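Comments concern the structure below.
Please treat every number below as a calculation from the coordinates, not as lab data. Computed from a predicted structure; not experimentally measured. In this analysis, Cβ positions are derived from the backbone assuming ideal geometry, glycine residues included, and neighbour counts consider all displayed protein chains.
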């Protein structure tokens, strides 16, 4: 890694105890402990997300910037443990040969004992080997005699296991197909391993980054001219941190019940069935007022492909399919993507694009230009 203090290239042995071996200054992030993340990469990502200081970014948006992109891989179907293995049997020839050798050795030992009284040691050794060989072949011989019964018991056990497996698969079919979890950082991991360590070393967050909980909601002094519905607290904190309500005279609400009745509405939401339903709900409740759908759409995520954050939610198929059936403006590909249990968070959209889209949507709502609003393809922070 490169030291953030002296910019020297450091080998692993030169950065023990989170300290640069050249300049003796501490750094915050050891790539081996933070999944490849290091100080300079985080700083450069903050500069890029914040448009070189023009935009304030929240910690949660920074966490999303380091999440893996693309569609999660499918997982193999779960099967119950204890599948019975098919029984194996020694060949008839092997058993007969082994028994013959054992019997010959025992007969030899008997003859030696009768005709050569002084060969005690030879008799004992020969008899012992004969008993071992004969005893070793006794069990395979017994299994061969009971082969048909053993195979029948195995088939019964296998049928019982297959019935258990089929019942488990029927239960699994009632849920969306399992996909791999692609979440690189949980909230707790990022806070403990990155944010807290950064605060400890540098005495605060990077310039242009704020804790989500530290953002104070902005309430316009004049009567609001616009209402913004946004259930995501990270996006809400981001809008407040960048003075969006002040510039547009906007009141930001988390639920439809908090919306004023006489204002145009902008809806910001994730690319998810619940997000689509939220827009439909608001439009049905306010047929005479402009409602702009400025949320992240499944179409945009599919267009972005491996450049968009795609997550998986394990949920029952029947209610999900009923929900999707009642949603308009979904293509077959979009419906299939949502029906697989996939969704994409609005907070993972690059902040510059997120703010620009919210401002464009606000202008459309204030000017009463309401129509379908597509989301630009998300870029990937590097």
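Just a few scattered comments:
- Size descriptor, Kirkwood hydrodynamic radius, that averages inverse alpha-carbon separations across the stretch 200-270, Å: 13.1
- Rounded to the nearest 10 degrees, the angle from helix 273-285 to the longest Cα principal axis of the chain is 30 degrees.
- The long axis of helix 39-49 is offset from the longest Cα principal axis of the chain by roughly 50 degrees.
- Here the stretch 182-327 was treated as a single set of alpha-carbon atoms; its pair distances binned every 10 Å from 0 give 10, 29, 33, 22, 6, 0 percent.
- Sites residue 77 and residue 108 - FRET efficiency at Förster radius 45 Å, r taken between beta-carbons, to 0.05: 0.15
- For the stretch 128-268: rounded, prolate or oblate by the Cα gyration tensor [a/c cutoff 1.5]: oblate
- The alpha-carbon atoms of the stretch 248-338, seen along their principal axes, cover 38, 30, 22 angstrom, with the largest extent given first.
- If the Kirkwood radius is taken over C-alpha pairs of the stretch 311-367, then at 37 °C and 0.692 mPa s the Stokes-Einstein diffusion coefficient equals 242 µm²/s.
- Helix-derived mean residue ellipticity, 222 nm - over the chain, DSSP H n ≥ 4, -39500 (n - 2.57), to 500: -14000 deg cm²/dmol
- Residue separation of residue 43 and residue 360 scaled by 0.36 nm, minus their Cα-Cα distance, works out to 111.2 nm of gained length.
- With contacts taken as Cα pairs under 8 Å and at least 6 residues apart, the chain reaches a relative contact order of 20 percent.
- Burial ranking of peptide ranges 345-358, 210-223 (average Cβ count within 10 Å, highest at the top): 345-358, 210-223
- With the convex hull of the Cα atoms taken as the outline of the chain, the averaged projected area works out to 33.1 nm².
- Mean Cβ count within 10 Å, highest first, over the residues of peptides 4-10, 239-245: 239-245, 4-10
- Spin-label pair residue 307/residue 101, simplified geometry with 7 Å Cα→Cβ offset, distance in nm: 7.1
- Residue 261 paired with residue 129, simple spin-label distance in nm, labels 7 Å along Cα-to-beta-carbon: 10.5
- Rounded to the nearest 10 degrees, the inclination of helix 147-173 to the longest alpha-carbon principal axis of the chain is 0 degrees.
- Spin-label zone in the stretch 58-82 - amide nitrogen under 18 Å from a point set 7 Å from the Cα of residue 171 along the C-beta vector: 76-82
- Residue-span extension gain [residue 22 to residue 184] - 0.36 nm each, minus C-alpha spacing: 55.2 nm
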